[in-house]
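Worksheet for the structure shown next.
No lab work stands behind these numbers, since they all come straight from the coordinates. Bear in mind that the values here come from a model prediction, so they are computed numbers and not experimental data. Note that we place each Cβ from the backbone using ideal geometry, even for glycine, and neighbour counts take in every protein chain shown.
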Amino acid sequence: MKQVFLVDDSTTMLMSLKGTLEISGFKVETASDGQAALGRLQAGLKPDLIITDINMPKMNGIELIREARKLLRFTPILALTTESQQGKRDEAKKNGASGWLIKPVGGADLVKVIKQILPGA
Amino acid sequence: MLNHTAQKPVSLWQRVTWRDAGVVLISMLTLLTHFWDPDLMKWDGVLAMAGGLMAGIVLGRMHVPLYMKPMDDAHQVVAQDIGTLHQALGILESQVTMTIKTSEEAVLSMMQRMQRVHAQVLQLHARTMEAVEHSRSLSAESLEGSDQRRHAMSAFAEHQKAFDATQTDNRRRVRAVAEQVRQIMPLAELIANISRQTNLLSLNASIEAARAGQEGAGFKVVAAEVRNLSTQTAEAARQITQGITKAAEQIDCEMATADSMGTGGSDTQQLGQISDEVERMQRTLAEVVPYLSELSDTMDSGIKTMTNDVIETLGDMQFQDINRQMLEQVNTALSGLSEHFAQLYQLIDGQAPPPPLELKELVNRWTENYVMQSQWTTHSHGKQQQTPESNGTSAAGNTAPPLIELF
């Protein structure tokens, strides 16, 4: 069973995404900010996919992507955000993001994208 | 929109203050003092005091800081900002309206999905109840048949048991007969032996008869007949032995055949009944299997539909996070407006300089905190008198990006 690591400062978002992914057959871990997420990755968590918000307290999503990429070179990292500025998108891509999704994302669409990124999911 | 109606001019008497009244009173007292005691208050003293009082009245009305613009500039600033206020409130109203609309759409979508899930549940429940009822019916039929089959099997078993007992008894008796027949074999041998002895005796008698001469002629005939009888007896013994042997072998063969067939016999009527019941069971099974298959397909399809609806409903819940961000931005903007107009109030009261930013600039700076395309869109729509390109909040560079993009 593939494992997805969700990072978002919104409890509602985490509940929504976690429910969607667990029903679809994924194992899910969560964190509520970038700093906590990085701590878990440094502690040994090795998910098959990371999905992170961009605008978060303590450590924003782009910083998390940059630091996570140093730990996990080949793990796909998706940004799931309301942010629509091209500059932020380019910065995320430059720091190692694998994709950019704008909220709200339909449950079926999200699962479809994940299955495209994770063959065998 | 502020209603700038013409204001009624204020009369002189309405502008007189207690300070003015005090000054006039002191002036009157000064004059009275001069007239009462000219040496105490001379004309130059009266004139000096009057001049000082008048200067105080004039300067006293100018109670603003020296660095303040004139009152006309303050009015201009206030008037301009109040004009912009309508636009600013329009922007915020658009954003709040969009937030409400987003909430309504998401909630309606969620309600529709839940209604669909509920309908699916009812439908599956109805099919399940139908399947239960049908299963009960099939089960009752099967039970009824099983009772009959059990009865038939029981009777058949009893009959078969009796048949087996009879068969066993028959074989036992036949074996006994075969044994008895075999027991006759030594008698046949005895007969043959007697025949051989008799034949020997007849030969001896013939010899003695020949020795006896003429007197032995009759005896010779008897001896011949005895020898003849002996021969026939031997032949009979041989045939009896052969017949007994053949009969015993036949019995053994039949016994062997009966043993190999075991209890093989059946009651045609009982088997027929059991066959009918088996056929009935097959018909029932032929009816149940496709029914259960169809039911399983229906259940799978229904559950799949419900699962998809639940997934989409969970996705709809994301509207709460979006609305939260939008309302936080509106809240921040309202705080800024509140602070700005507090400064304007102090400006009107002459106690503070104009705010550092005009309201127009403050409104433009709201876009620095925007993250969503919809915020720029409502901002542009709210500013009805300006085009998006002219106010620095251009959507250029913030054109609608694709919702999903893989790098």
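Here is how the numbers come out for the structure above:
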| read-out | value |
| --- | --- |
| Residue-by-residue Karplus 3J(HN,Hα) for the range B:220-236, coefficients 6.51, -1.76, 1.60, Hz, glycine and proline x | 5, 4, 4, 4, 5, 5, 5, 5, 5, 4, 4, 4, 5, 5, 4, 5, 5 |
| Whole-Å distance, taken between Cα centres, linking the range B:360-383 and the range A:76-121 | 25 Å |
| Rounded to 10°, Cα long-axis angle of helix B:373-382 versus longest principal axis of chain B | 40 degrees |
| Summed side-chain charge close to A:D53 - residues other than A:D53 whose Cβ falls under 11 Å, Lys, Arg +1, Asp, Glu -1 | -4 |
| The range B:177-214 and the range B:19-64: distance between their alpha carbon centers, rounded to Å | 199 Å |
| Peptide A:107-119 - average C-beta neighbours from other chains (10 Å radius) | 3 |
| Shape of the range B:295-388, Cα gyration tensor, a/c cut at 1.5 | prolate |
| Anisotropy class of chain A from Cα gyration tensor, a/c 1.5 cut | rounded |
| Partner chain coverage, peptide A:35-48 - average Cβ within 10 angstrom | 0 |
| For B:Q112, net neighbour charge (Lys/Arg +1, Asp/Glu -1) across residues whose Cβ lies under 11 Å away | -2 |
| Peptide ranges B:242-253, B:305-316 listed from the most packed, as the mean C-beta count within 10 angstrom indicates | B:305-316, B:242-253 |
| Under 17 Å from the Cα of B:K304 - aspartates and glutamates, other chains or at least 8 residues apart | A:E22, A:D109, B:E294, B:E312 |
| Helix-derived mean residue ellipticity, 222 nm - over chain B, DSSP H n ≥ 4, -39500 (n - 2.57), to 500 | -29500 deg cm²/dmol |
| Angle between chain B longest axis and helix B:71-212 axis [Cα atoms, degrees, rounded to 10] | 10 degrees |
| On Cα atoms only, tilt of B:268-316 relative to the major axis of chain B in degrees | 20 degrees |
| Residue of B:P353, B:P290, B:P186 that the Gaussian network model of chain B assigns the largest fluctuation, springs spanning Cα pairs under 10 Å | B:P186 |
| Hydrodynamic radius (Kirkwood) for the protein assembly as shown, which is based on Cα pairs only, to one decimal in Å | 37.0 Å |
| Leading residue at positive end of dipole, chain B (Cβ point charges), from B:L12, B:V46, B:C253 | B:C253 |
| Contour excess over end-to-end distance, with Cα ends at B:A224 and B:L31 and 0.36 nm allotted per residue | 47.7 nm |
| Environment charge at B:G45 (Cβ cut-off 15 Å; Lys +1, Arg +1, Asp -1, Glu -1) | -2 |
| Vicinal HN-Hα couplings computed from phi for the range B:250-256 (Karplus, 6.51 cos²θ - 1.76 cosθ + 1.60; Hz; Gly/Pro x) | 4, 4, 4, 5, 5, 4, 4 |
| Among the listed pairs A:K46/A:K70; A:K70/A:K115; A:K18/A:K46; A:K2/A:K46; B:K161/B:K246; A:K103/B:K101, those beyond 21 Å (Cα-Cα) | A:K70/A:K115; B:K161/B:K246 |
| Qualifying aspartates and glutamates (Cα of each under 12 Å from Cα of A:K94; at least 8 residues distant if same chain) | A:E63 |
| For the range A:32-42, 3J(HN,Hα) per residue [Karplus equation, 6.51 cos²θ - 1.76 cosθ + 1.60, θ = phi - 60°, Hz, x = Gly/Pro] | 9, 7, x, 5, 5, 5, 5, x, 5, 5, 5 |
| Number of partner chain Cβ atoms within 10 Å, mean per residue of B:317-327 | 6 |
| Centre separation in Å (Cα based) which lies between the range B:313-358 and the range B:84-103 | 12 Å |
| Estimated distance in nm for a label pair at B:A21 and B:H125, the labels positioned 7 Å out from Cα along Cα-to-Cβ | 8.3 nm |
| Distant-in-sequence amide H partners of A:W100 (H built 1.01 Å from N, under 5 Å) | A:A79, B:E405, B:L406, B:F407 |
| Length gained when the stretch B:M153-B:E141 is fully extended (0.36 nm per residue, less Cα-Cα span) | 2.5 nm |
